[in-house]
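Values in this text are rule-based calculations from the coordinates and carry no lab data. The shown structure was predicted, so the numbers you read here are calculated from the model rather than taken from an experiment. Because the Cβ atoms are built from the backbone with ideal geometry, glycine has one as well, and the counts that use them run over all protein chains shown.
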């Protein structure tokens, strides 16, 4: 018998058996400018497509005649056991895509015993998410220019009981995203008749937005100047944050943060070596979902280059391009110890609101378990034995 919950006990909406089904429904329910912010990449979106195509090129070979009792998805990360080897990736401005989505997804992740990572620029606060997850969420830090703001954010995360800090490396500058430029989604947003028409065609989104209020940076609210207008918000963000990391900044974070420290956005072996030398606990191989560097490698290509030398020295995780249980299996087979999905979970809440996070987590667990059963693989750590 399978060692984890059998498929039939994971109840979900059978009208949407794929993440792509949820994406299509979300596209119809969310205003176009918000959906394209979620769905798009940078420049020509070459790297966004490469993330997906490189993953789908990975072949896994089944072993049908081996003795087999069923799979377990249980996965240990940083002393915590989770129910599956995937989690919810950080997404900025989640409340723009669907109102209250950060809290909805944190609650779903906690229910499914999955890691949830909160972004500095999310629309929920550190304290709210810590309470919803009983202190088991992770916090992703956009590095501030001023040490005082850095220290304040780290203190809040520590006092809220969060034990894993993820520091973002792959946003040294704002990227060039044509979809957002066309839609006026710079900061501040540029109102237009087109965007207003999109809101009017999305009545549920509009009602929920009115109910929960205009999305804002909840974690950063205490540090925003009083009566800050949208006109000056973009300038504030530019003046406050500097995503460029270097040795001294990482060393200071390592010295100050007493919990687990993870570097996210890794794409080169040289950066991994520095992370290991500084005593970091983990890396997330990522290209920000294809939203930052169009001529860069896919996340999977970086993982395949980085993984062999990093294994055993630091915990290796991955995000970017994952859309399904088979994709998760492919990434794990190529060296990731766990993975994170951002867009997939946001499609879920965009399509189904409060039920969306549960729907996506259930789909991914069912799909991943079915892949393991078909391969004759008893645990995700053994998937590398099935690389074709």
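At q = 0.18, 0.19 Å⁻¹, what log₁₀ I(q)/I(0) does region 183-340 have when each alpha carbon counts as one equal point scatterer in the Debye sum?
The calculated log intensity ratios at q = 0.18, 0.19 Å⁻¹ are -1.11, -1.14.
As an exercise, use a Förster radius of 30 Å and the Cβ-Cβ distance of residue 268 and residue 61 to find the FRET efficiency, rounded to the nearest 0.05.
FRET efficiency, residue 268 to residue 61: 0.50.
Considering only DSSP beta bridges with both partners in region 7-386, what is the antiparallel share in %, to the nearest 5?
Bridges in region 7-386 are about 15 percent antiparallel.
Compute the Rg to Rh ratio over region 283-335 from the alpha carbon atoms, using the Kirkwood formula for Rh, and round to two decimal places.
Using Cα coordinates only, the ratio equals 0.96.
Where the convex hull is taken over the Cα atoms of region 13-142, what is its projected area averaged over directions, in nm²?
One quarter of the hull surface, i.e. the mean projection, equals 11.3 nm².
Normalise the Debye intensity by I(0) for region 13-81, one equal point scatterer per Cα, no solvent, then take log10 at q = 0.13, 0.20, 0.27 Å⁻¹ and round to two decimals.
Values, matching the q order: -0.77, -1.05, -1.13.
Using the count of nearby Cβ atoms within 10 Å as a rough guide to exposure, how do 334, 42 rank from fewest to most?
Ranking 334, 42 by Cβ neighbours within 10 Å, fewest first, gives 334, 42.
Would you mind ranking 197, 205, 257, 98 so that the residue whose beta carbon has the fewest other beta carbons within 10 Å leads the list?
Fewest to most other Cβ atoms nearby, the residues stand as 197, 257, 205, 98.
Provide, in order from the shortest bin, the percent of all Cα-Cα pairs of the chain in each 10 Å bin, continuing until the bin that contains the maximum pair distance.
Once binned at 10 Å, the Cα pair distances of the chain give 5, 24, 35, 26, 9, 1, 0.
Only counting other Cβ atoms within 10 Å, I'd like 237, 317 sorted with the fewest neighbours first.
Ordered by Cβ neighbours within 10 Å, fewest first: 237, 317.
Could you grab the relative contact order for region 7-386? Cα pairs under 8 Å, six or more apart, rounded to a whole percent.
28 percent
Among rounded, prolate and oblate, which fits region 64-137 when a ≥ b ≥ c are the square roots of the eigenvalues of its C-alpha gyration tensor, a/c under 1.5 means rounded, and a/b larger than b/c means prolate?
Here region 64-137 falls in the prolate category.
When the helix-only estimate is applied to the chain (DSSP H runs of n ≥ 4, each -39,500 (n - 2.57), divided by the residue count), what is the mean residue ellipticity at 222 nm, nearest 500 deg cm²/dmol?
-13000 deg cm²/dmol
Can you give me the C-alpha center-to-center distance between region 54-95 and region 279-337, rounded to a whole angstrom?
13 Å
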